[in-house]
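Trainee: Let me give you the structure first, and then I'll get to my questions.
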Amino acid sequence: MSDGVNGAAPVNGSQEARNASQRYLSTRGDDYDFSFEQVVLKGLATDGGLYIPEQIPEVTNWQSWKDLSFPDLALELLSLYISTSEIPRDDLKGIIDRSFSTFRAPETTPLRHLHDNLYLLELFHGPTFAFKDVALQFLGNMFEYFLVRKNTGKLGTDRHHLTVVGATSGDTGSAAIYGLRGKKDVSVFILHPKGRVSPIQEAQMTTVLDPNVHNLSVTGSFDDCQDIVKALFADADINSTLNLGAVNSINWCRILAQIVYYFHSYFSFVKQSSDFTIGDKVRFVVPTGNFGDILAGYFALRMGLPIEKLVVATNENDILDRFWKTGKYEKKPARGPEAEGGLESDGVKAHEDGVKETLSPAMDILVSSNFERLLWFLAYEFAAPAGMDDEWNKKQAGQEVASWLKQLKSSGGFGPVYQDVHASAKRDFESERVSDKQTVDTIKSYFSKIDYVLDPHSAIGVAASVRSMTRSNIPHISLSTAHPAKFAGAVELALKGEAGFNFEEKVLPQEFVGLESKEKRLTDVDNDWKKVRELVKKQVEEELKSQK
Ligand SMILES: Cc1ncc(COP(=O)(O)O)c(C=O)c1O
Ligand SMILES: N[C@@H](CCOP(=O)(O)O)C(=O)O
């Protein structure tokens, strides 16, 4: 039950003022009836689950949003999940407008025609050149809004101080840091896997010297960083004394903001294509790691956007692709031809922990956090035919998810899931796995065919789209998740020696010039959550003392 945990304010207004899509519950069943503010400030549920709205709103008038600007569309969509009793509409509009004012493209997320039925949704026009900016600039402003409201008229230790802890494989970190640097009443700790983010990504994070920003370089993988963050959230002591906040896509606010560009790109497509009628279906193809980006697409689909399929595109860290193919969700990588040293993945290094080091490092993930949210909806759908009431169905879904996640923790996997659950997953999704070699070939081929430089993650989406187009000839919108300059190594590997290619001239934005030689601040830490906990505690205490 909602209890104002973690310092979140009680809901402003009665429960009746919030409809079911504005009330939140945990995917593991124990935490329910939370407000948007509580969910945003708390990040992870007390039972270890992720927050989801009690209901996904089905929208019948979505076509009337066709001509809205990105921020105005965001206002319509987000209002469905945030009650005006919590955030008045004008305030929400102000937060949204501020969040997207820093984007370089007038359309915020422009849609570009590549060839035939293939369109690329460029999501990297925000301040840190990655799709994470769409949600994280908004989340940063949302944190600020709630903190200002809580702290009005309060001084010293009475003020609510938020300690943000996040794990990154490169992009979440810089977008979160940009969204929170210098903000009052917030300390930010970002954990990245030492040596496994690109040099530009590392520089984007570590050259931010604001006193409230702390970069921790962890000896381990992204999954280790993510596990440390989850262990901190599970520690009742630090969680309640330091008011932990999440910037990873475990935070519902991240998923929510990302729903907007599915609708926006669909409308952009309608406007670009005279022979396409609004209401006709498209496919979205999404380079996927933690399953946050594509989950937003699932919400768009359930809300009524005409999506025929969402295509999950993984790199060689392919737990999700294996789930769609087999119904089993297992950390253990498949022993495919590449594991025997086959041609497909020449040069890919597999770490002891099982994570492969690929050319698309932001997707080098063993376990995808947000998959748990999809599992809940699949389990809920599976429970419904038993003819019990809705409360029972929700409880059943929570228990099922908790049991799957327990197996994942104890034995590294679960499944095959019930046939009906797998069938529902396959009804809305398909999956593709793209090797490093195929990634490089795709970058090469689009440069030589249409003089366009793809980053390696976006190339995975495009390679998967091309395969998907052989099965379905409807329009495909492939998500481009990062600017190619962030991944110079992979891009140069693919394009060095290609006629007309020069990284500095063709790719490098002015904002990155000289970044790597600027002063940096970061702290090395062992892969040990207790050590991280002590470091965070000490640092926050010092910050609070200096503010007195
Ligand atoms: C550039 C890039 N592409 C794709 C992804 C995968 O997105 P998600 O983790 O939401 O599946 C990430 C990281 O999250 C990323 O940084
Ligand atoms: N690829 C991500 C990994 C973190 O995922 P998130 O979306 O859950 O924050 C990154 O770039 O950090």
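Trainee: Roughly how many whole Å is it from the C-alpha centroid of the stretch 41-118 to that of the stretch 232-252?
Mentor: 24 Å
Trainee: Shifting gears a bit: For a Förster distance of 45 Å, can you work out the FRET efficiency between the beta-carbons of LEU209 and SER448, rounded to the nearest 0.05?
Mentor: Calculated value: 0.60.
Trainee: Set the Förster distance to 56 Å, then compute FRET efficiency between LYS496 and ASP280 from the Cβ-Cβ distance, nearest 0.05.
Mentor: Between LYS496 and ASP280 the formula returns 0.85.
Trainee: Once the Cα atoms of the chain are picked out, what are the Rg and Dmax in Å?
Mentor: Gyration radius and largest Cα-Cα distance of the chain: 22.1, 65 Å.
Trainee: If you restrict to DSSP beta bridges whose two residues both lie in the chain, what percentage is antiparallel, to the nearest 5?
Mentor: Details: 14 of 51 bridges.
Bridges in the chain that DSSP calls antiparallel: roughly 25 percent.
Trainee: Quote to one decimal, in nm, the extra length available between LYS331 and ALA234 on full extension: 0.36 nm per residue of separation minus the C-alpha distance between them.
Mentor: Computed gain between LYS331 and ALA234 is 32.7 nm.
Trainee: Per residue, how large is the accessible surface of the chain? Use a 1.4 angstrom probe and give square angstrom.
Mentor: Values: 20850 Å² over 548 residues.
Per-residue value: 38 Å².
Trainee: Quick check: pseudo-label points 7 Å beyond the Cα along Cα→Cβ at ARG467 and GLU516, how many nm apart are they?
Mentor: 3.2 nm
Trainee: Here's a follow-up. Would you mind pulling out the separation of the Cα centroids of the stretch 478-502 and the stretch 255-332, in Å?
Mentor: Between the Cα centres of the stretch 478-502 and the stretch 255-332 lies a distance of 24 Å.
Trainee: Along the Cα→Cβ direction, 7 angstrom out, place labels at ARG98 and LYS154. What is the inter-label distance in nm?
Mentor: So the label points at ARG98 and LYS154 sit 1.8 nm apart.
Trainee: For the chain, calculate the relative contact order in percent as a whole number, restricting contacts to Cα pairs under 8 Å that are 6 or more residues apart.
Mentor: 18 percent
Trainee: In what sequence, highest mean first, do 394-403, 417-426, 285-294 appear when ranked by Cβ atoms within 10 angstrom? Don't skip to the end; give the middle numbers.
Mentor: Details: 394-403: 19.6, 417-426: 16.3, 285-294: 28.0.
Ranking, from highest mean packing down: 285-294, 394-403, 417-426.
Trainee: Another question, then. Structure shown: which of LYS93/LYS520; LYS93/LYS154; LYS194/LYS332; LYS409/LYS518; LYS194/LYS538 lie over 32 Å apart, alpha-carbon to alpha-carbon?
Mentor: On the way: LYS93/LYS520 36 Å; LYS93/LYS154 26 Å; LYS194/LYS332 23 Å; LYS409/LYS518 41 Å; LYS194/LYS538 22 Å.
Over 32 Å apart, Cα to Cα: LYS93/LYS520; LYS409/LYS518.
Trainee: Let me ask something else about it. Is it possible to state the helix-based mean residue ellipticity at 222 nm for the chain, with each DSSP H run of 4+ residues giving -39500 (n - 2.57), the sum divided by total residues, to the nearest 500 deg cm²/dmol? What is it?
Mentor: Helix-only estimate at 222 nm: -13500 deg cm²/dmol.
Trainee: Related question: Say R0 is 30 Å: what FRET efficiency, to the nearest 0.05, do ASP33 and THR60 get from their beta-carbon distance?
Mentor: Efficiency for this residue pair is about 0.65.
Trainee: Let me ask another. Which links in LYS132/LYS426; LYS132/LYS530; LYS42/LYS309 stretch past 30 Å when you go from one Cα to the other?
Mentor: Too far apart for the 30 Å limit: LYS42/LYS309.
Trainee: Expressed in nm to one decimal, what extension gain is obtained for the pair THR219 and ASP116 from 0.36 nm per residue of sequence separation less their Cα-Cα distance?
Mentor: Full extension of this stretch gives 32.6 nm more.
Trainee: Excluding ligands and nucleic acids, what accessible area in Å² is computed for SER410 using a 1.4 Å probe, to the nearest 10?
Mentor: 100 Å²
Trainee: For the chain, which whole-number percentage of the solvent-accessible area (1.4 Å probe, protein heavy atoms only) is attributable to carbon and sulfur atoms?
Mentor: 49 percent
The values are calculated or read from the model by the stated rules, or taken from the named source; none is laboratory data. Since the model is a prediction, treat every value here as computed from it, not as a measurement. Positions of Cβ are generated from backbone atoms using ideal geometry, with glycine treated the same way; all protein chains shown enter the neighbour counts. Just so you know, the surface numbers come from the protein's heavy atoms only, side chains and all, with ligands and any DNA or RNA stripped out. Shrake-Rupley method; radii C 1.70, N 1.55, O 1.52, S 1.80 Å.
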